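Below is one structure, written out as structure tokens; comments come after it.
Each value in this text was obtained by applying a stated rule to the coordinates, not by laboratory testing. Computed from a prediction, not measured in an experiment: that's the story for all the values here. Methodologically, a virtual Cβ is constructed for each residue, glycine included, from the backbone with ideal geometry; neighbour enumeration extends over all protein chains shown.
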Amino acid sequence: MNKLVKSKELMAAKRKYLFEATHYAEPLLERGEGSMVYDIDGNNYLDLNAGQFCLIFGHNYEPFNQVVRNQLAKICHTNTGTLTPEILKAAEDMAGIHGGDLHKTIFLSTGSEANECALRFAKAYTKRNGVLAFDRAYHGLTLASQGSTMGGQYALPIVPQTFSVKTPDKYHLDQLTAEEDLSRCMEDLESKFHQYGDTIAAVIMEPVIGAGGMLPIPKEYLKLVRELCSRYGVLLIFDECQCGFGRCGNWFVYQDIDVVPDMVTSAKAMGMGFAVSAVTFSEKVAEKLEHGLTHFSSHQNDPLAAAIVSFVIEEIREKDLLKSNAVKGKQLLSAIEEVCGATQLLENPRGVGLMCAFDINDRILTDYRNESARFLSAMQENGVLLQAVRQGRTFRLLPSYYITEQEIEKLKSACMESVKALG
């Protein structure tokens with residue numbers, strides 16, 4: 001069992017100065033190495049979310065550190081009206097991994113900012129204000145992006161003309177892909193377009209739902225979205241901030257489903273822990289908007305960000321990580337399937353590449369939130385850091401692309417021990 005004497009003492013002494021925007025785990029982390037992190041008490045933990053899904057090559061990855069040092073010694077930041085060779089190369093690299101008509105990119109800082117930018121340009125392109133999104137989507141916490149997150153229920157003030165499409169009430173993978181459920185979702189979508197189509201500027205969606213349940217959207221549904229958007233003159237934005245940049249086994253999920261959006265937003269993995277995001281536009285959209293609507297941001301097209309993006313793309317290519325992620329994803333899914341098969345407490349193992357999840361069985365628990373918190377605490381004591389979404393119902397795993405078989409075994413063992421601790 002991990003001891004947290006120093007962490008608790010320091011937290012008690014200094015916590016009063018920190019604005020607590022969320023619940024914080026007890027360990028105070030001091031350093032990281034690969035998939036492991038170490039707290040100030042000397043305990044170590046397997047980090048199964050690679051920071052916040054960003055450190056795809058693990059903590060303290062020396063080749064990445066060297067790229068940052070080299071760029072810092074040259075130039076790391078410019079004004080928004082000045083470019084560097086690094087930006088031009090990164091834009092070309094982005095066009096290379098997208099391919100086809102998606103080959104115009106602007107670099108920003110966070111996924112929220114990228115989605116905000118995409119929505120802004122979509123409204124300018126269509127001269128409309130409506131946005132269509134899933135009722136349990138997550139697209140960020142800035143005003144427009146939060147208006148498209150969880151049905152906009154937490155966005156203040158309320159963003160007008162943001163429409164939600166209902167996703168299934170129960171987040172079981174077999175139910176999401178069941179014919180009758182899929183048919184209901186598609187009918188709901190068509191009714192929204194029939195009712196609001198001439199006021200909708202954009203549909204924004206994650207091809208693999210993240211915080212809303214860690215679920216892939218069926219191809220039939222996505223193809224219908226594309227067809228309806230084209231029919232009604234609506235722009236389709238794929239938010240691949242979580243699922244993109246190789247995590248699911250291809251550069252982007254849309255490349256596996258034969259559905260090409262008008263814009264793609266990227267973040268997290270592309271920056272290896274550095275705050276960088278991107279919006280990539282189709283040629284059709286770009287040629288209408290360029291030189292007409294300007295966009296300014298303090299960290300727009302930064303050379304340091306660009307150098308990092310190019311490094312990440314090169315590393316994924318050179319190490320053949322797209323193929324590796326597909327293989328390791330199957331190993332990770334197999335491990336959580338084994339865990340779920342051994343207990344009634346955990347269920348619904350699922351995943352696409354290295355984007356996996358499982359649920360707590362809330363049907364057999366009177367207080368699933370408390371049991372979920374106890375499970376996460378037990379996992380921490382067993383040396384594994386996990387995150388939960390959906391008010392504790394779903395545990396998500398988005399590890400480093402270099403996670404090892406031994407580390408996957410550690411996850412499995414920790415889960416088994418943690419279930420026992422719950423009794």
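Taken about its Cα centre, the chain carries a charge dipole of about 780 debye when Lys and Arg each add +1 at the Cβ and Asp and Glu each add -1 at the Cβ. Straight Cα distances below 17 angstrom link K8 to the lysines K16, with same-chain residues fewer than 8 positions distant left out.
The H on the amide N of G212, modeled in the peptide plane, is under 5 Å from the matching H of Y138, each at least 5 residues off or on a different chain.
So which of K74/K288; K288/K319; K123/K323; K319/K420; K104/K223; K330/K420 end up more than 27 Å apart by C-alpha? Violating the 27 Å limit, Cα to Cα: K74/K288; K288/K319; K123/K323; K319/K420.
Remark: region 388-396, residue by residue, has Karplus-estimated 3J(HN,Hα) of 10, 10, 6, 6, x, 6, 10, 9, 10 Hz, where x stands for each Gly or Pro and the curve is 6.51 cos²θ - 1.76 cosθ + 1.60 at θ = phi - 60°. Overall, the ratio between the Cα radius of gyration of region 346-419 and 2.2 N^0.38 Å, rounded to two decimals, is 1.07. Scanning residues 5 or more positions from R350 or on other chains, those with amide H under 5 Å from its amide H are A357, with H placed 1.01 Å from N in the peptide plane. Here the relative contact order of the chain, from alpha carbon pairs under 8 Å that lie six or more residues apart, stands at 21 percent. Exposed loop sites, defined as trypsin sites (Lys or Arg not before Pro) outside DSSP H, G, I, E and B with at most 16 other Cβ atoms within 10 Å, are absent from the longest region of the chain, namely 171-318.
As a proxy for reagent exposure, T105, T82 were ordered by neighbouring Cβ count within 10 angstrom, fewest first; the result is T82, T105. Computed over the chain with a Gaussian network model linking Cα atoms closer than 10 Å, the most mobile of P207, P63, P349 is P63. Taking amide hydrogens as placed 1.01 Å from N in the peptide plane, the amide H of N361 sits under 5 Å from those of L346, E347, each at least 5 positions away in sequence or on another chain.
Based on the alpha-carbon gyration tensor of region 1-54 and its eigenvalue square roots a ≥ b ≥ c, which shape applies: rounded if a/c is under 1.5, prolate if not and a/b is larger than b/c, or oblate?
Working: a/c = 2.42, a/b = 1.31, b/c = 1.85.
Here region 1-54 falls in the oblate category.
Listed from fewest to most Cβ neighbours within 10 Å, the set Y368, Y254 follows the order Y368, Y254.
In terms of surrounding Cβ atoms within a 10 Å radius of their Cβ, D302, D198, D181 rank from fewest to most as D198, D181, D302.
Report the antiparallel proportion of the DSSP beta bridges in the chain as a percent, rounded to a multiple of 5. Mind dumping the intermediate values first?
Numbers: 31 of 47 bridges.
So the antiparallel bridges in the chain amount to around 65 percent.
Here the chain is scanned for GluC sites (Glu not before Pro) in DSSP loops (not H, G, I, E, B) that have at most 14 other Cβ atoms within 10 Å, and the longest stretch holding none of them is 21-289. For region 196-338, the relative contact order works out to 20 percent when only alpha carbon pairs closer than 8 Å and six or more residues apart are counted. Coupling constants for region 304-321 follow from the phi torsions by the Karplus curve (6.51 cos²θ - 1.76 cosθ + 1.60, θ = phi - 60°), and in residue order they are 5, 4, 5, 4, 5, 4, 4, 5, 4, 4, 5, 5, 4, 5, 5, 8, 6, 6 Hz; glycine and proline get x. Couplings for region 323-335, taken from phi via the Karplus curve 6.51 cos²θ - 1.76 cosθ + 1.60 with θ = phi - 60°, read 5, 4, 5, 5, 5, 5, x, 5, 5, 5, 5, 4, 5 Hz in order; Gly and Pro are left as x.
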